[in-house]
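The values are calculated or read from the model by the stated rules, or taken from the named source; none is laboratory data. Keep in mind that this is a model prediction, so the values were computed, not measured. Backbone-built Cβ (ideal geometry, glycine too); neighbour counts: all protein chains shown. All accessible areas refer to the heavy atoms of the entire protein, side chains included, with ligands and DNA or RNA removed. Shrake-Rupley method; radii C 1.70, N 1.55, O 1.52, S 1.80 Å.
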Amino acid sequence: MIPYINGSTEVSDFLLNCFVRSPSWQHWLSLPLSLLFLLAMGANATLLITIWLEASLHQPMYYLLSLLSLLDMVLCLTVIPKVLAIFWFDLKLISFSACFLQMYIMNCFLAMESCTFMVMAYDRYIAICHPLRYPSIITDQFVVKAAIFILARNVLMTVPIPVLSARLHYCGRNVIENCICANMSVSRLSCGDVTINRLYQFAGGWTLLGSDLILIFLSYTLILRAVQRLKAEGAVAKALSTCGSHFILILFFSTILLVLVLTHVAKKRVTPDVPVLLNVLHHVIPAALNPIVYGVRTQEIKQGIQRLLKKPW
């Protein structure tokens with residue numbers, strides 16, 4: 001709905017117009033996207049229940065993994081049901097407040113996920129480089145403090161993104177050429193100057209995600225240096241296996257993010273629907289693969305899931 005006010009139009013709703021130049025993508029994408037969504041929700045729920053019920057998994061590393069699963073589930077629920085509603089029922093309309101709420105949750109929880117990966121990298125660094133001090137450093141209190149830091153930093157730092165966008169004057173166009181309420185996709189519809197929005201999105205993104213990736217890279221550099229000094233037979237393989245799952249998850253997260261950034265930079269060379277597709281997939285593919293990787297590669301979780309399935313409910 002776009003009411004007529006004082007000779008101009010004031011937007012009160014938006015229309016999410018997915019894949020404007022490739023509408024056929026909706027047909028072939030809806031089935032795999034729905035399967036990925038069900039896989040993400042089911043796998044993360046199974047992982048959370050397993051960690052909750054198995055006393056042997058009540059350790060800081062698995063608490064951090066539980067936090068990651070919760071973040072993945074919230075991101076999936078924020079984005080994918082609405083995208084599937086557009087694909088299946090053509091429910092493109094989204095209210096002004098719902099759009100900016102979705103924008104905030106996406107930015108906030110994506111940053112929290114990145115920060116969680118950074119804390120998990122620190123956990124692996126202590127486990128490999130200072131194994132004797134690990135029980136005294138990585139404690140339940142450490143996890144609580146880390147969770148508070150993750151929450152406080154990213155909740156506060158991402159608030160200006162939807163606030164700045166919501167304060168803009170939307171005076172006519174209300175069709176968002178995206179499946180989700182991405183900040184710049186929405187802001188470019190306004191009649192006002194979006195320079196501040198662009199600058200904050202750029203600065204905030206590189207400050208939050210960039211600093212996390214630098215610290216993750218530093219952690220793994222120190223881990224590799226420590227591993228090279230190990231002399232005992234099989235020690236290198238054992239050390240690397242303890243952080244292998246975490247490293248794979250970071251690759252999932254950062255690779256899709258990197259490709260998304262590169263397609264935005266080279267947007268003149270690719271169809272604009274490609275970044276839209278990558279933006280949607282980034283909210284479901286890591287969420288679907290994260291619990292599977294840990295479930296397959298971590299013996300304790302695998303055994304916990306097997307015991308859970310054998311319980312006489």
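Here are a few things to note about the model shown:
- Selection from the stretch 65-97 of residues that are part of a helix (DSSP H, G or I) and open to solvent by 40 Å² or more (accessible area, probe 1.4 Å): LEU67, LEU70, VAL74, LEU77, PRO81, LYS82, TRP88, PHE89, PHE96, SER97
- For the stretch 193-214, a residue qualifies if it is crowded, with 17+ Cβ neighbours inside 10 Å and either in contact with an Asp or Glu (Cβ under 7 Å, 6 or more places away or on another chain) or in contact (Cβ under 8 Å) with a residue 40 or more places away in the chain (or both), and the qualifying residues are TYR200, GLN201, GLY204, LEU208, LEU209, ASP212, LEU213.
- Residue check: VAL259 meets all listed conditions (1) part of a helix (DSSP H, G or I); (2) closer than 27 Å to GLN299 by Cα but one, namely (2).
- Total residues in the stretch 266-298 satisfying the condition of being of a type in the set (Val, Ile, Thr), in contact (Cβ under 8 Å) with a residue 40 or more places away in the chain and either in a helix (DSSP H, G or I) or open to solvent by 10 Å² or more (accessible area, probe 1.4 Å) (or both): the figure is 7.
- Taking the stretch 159-183 as the range and being closer than 17 Å to MET106 by Cβ, part of a loop (DSSP other than H, G, I, E, B) and of a type in the set (A, V, I, L, M, F, W, C) as the test, the residues that pass are VAL159, CYS179, ILE180, CYS181, ALA182.
- Inside the stretch 94-115, residues that are at pLDDT 95 or above and over 17 Å from VAL79 (Cβ atoms) make up a count of 1.
- Within the stretch 137-146, considering residues that are surrounded by fewer than 17 Cβ atoms within 10 Å (Cβ to Cβ) and closer than 22 Å to LEU218 by Cβ, the one nearest to the chain's Cα centre (by Cα): LYS145
- Any chance GLN228 is farther than 23 Å from THR116 by Cβ, polar (S, T, N, Q), open to solvent by 10 Å² or more (accessible area, probe 1.4 Å) and modelled with pLDDT under 90: yes
- Residue match in the stretch 179-187 (condition: open to solvent by less than 50 Å² (accessible area, probe 1.4 Å) and under 25 Å from GLY244 (Cα atoms)): no
- Contact map, the stretch 299-313: residues that are in contact (Cβ under 8 Å) with a residue 12 or more places away in the chain and assigned to a helix (DSSP H, G or I) paired with residues that are open to solvent by less than 90 Å² (accessible area, probe 1.4 Å) and of a type in the set (Asp, Glu), Cβ distance under 6 Å, separation 6+ or inter-chain. Pairs shown: GLY304/GLU54.
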